[in-house]
1. Give me the pairs, please: first residue somewhere in the stretch 93-120 and in a helix (DSSP H, G or I), second residue anywhere and at pLDDT 80 or above, beta-carbon distance under 8 Å, and either six or more positions apart or on two chains.
2. Every residue in the stretch 10-62 that is charged (D, E, K, R), at pLDDT 85 or above and not in a helix (DSSP H, G or I), please.
Amino acid sequence: MNSEPKIDEAAIAETDPHVNLESGQCCNRTNAVLLAVGAGLVIGLIVRSLRPEPTRTERLADLLANLEDRVRHTARPALRKATAYASDGAEVMRDGLHTGEALLARCWRDTARSVRNLFS
């Protein structure tokens, strides 16, 4: 004799849309996502706990590298400005030398003209 109670499949399907009556499995997506996130966290914690702790030397090297990066990042605008001033100064000096050479040449020309006019 059949002693199993009869299940009203239509009533179950109406009350819980996540029940798949054909395969007999309950597929609740929220629980699956929470399970996957939890498993990922557990695996991450295990990997982190198995990793060796850095030595003093490694921590000091990381600290110095971080400090160097911060100083370099902070000083970058000042270095750019100093470079611009240096290149502008070099251009001014170069232009000044050309101007000075031109003034000296003009002075020699005027002196030569004056001397020629003196003897002519």
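The values are calculated or read from the model by the stated rules, or taken from the named source; none is laboratory data. The shown structure was predicted, so the numbers you read here are calculated from the model rather than taken from an experiment. Here the Cβ positions follow ideal geometry from the backbone for every residue, glycine too, while neighbour counts run over all protein chains shown.
1. Pairs that qualify, where the first residue is in a helix (DSSP H, G or I) and the partner is at pLDDT 80 or above: there are none.
2. Scanning the stretch 10-62 gives Arg51, Glu53.
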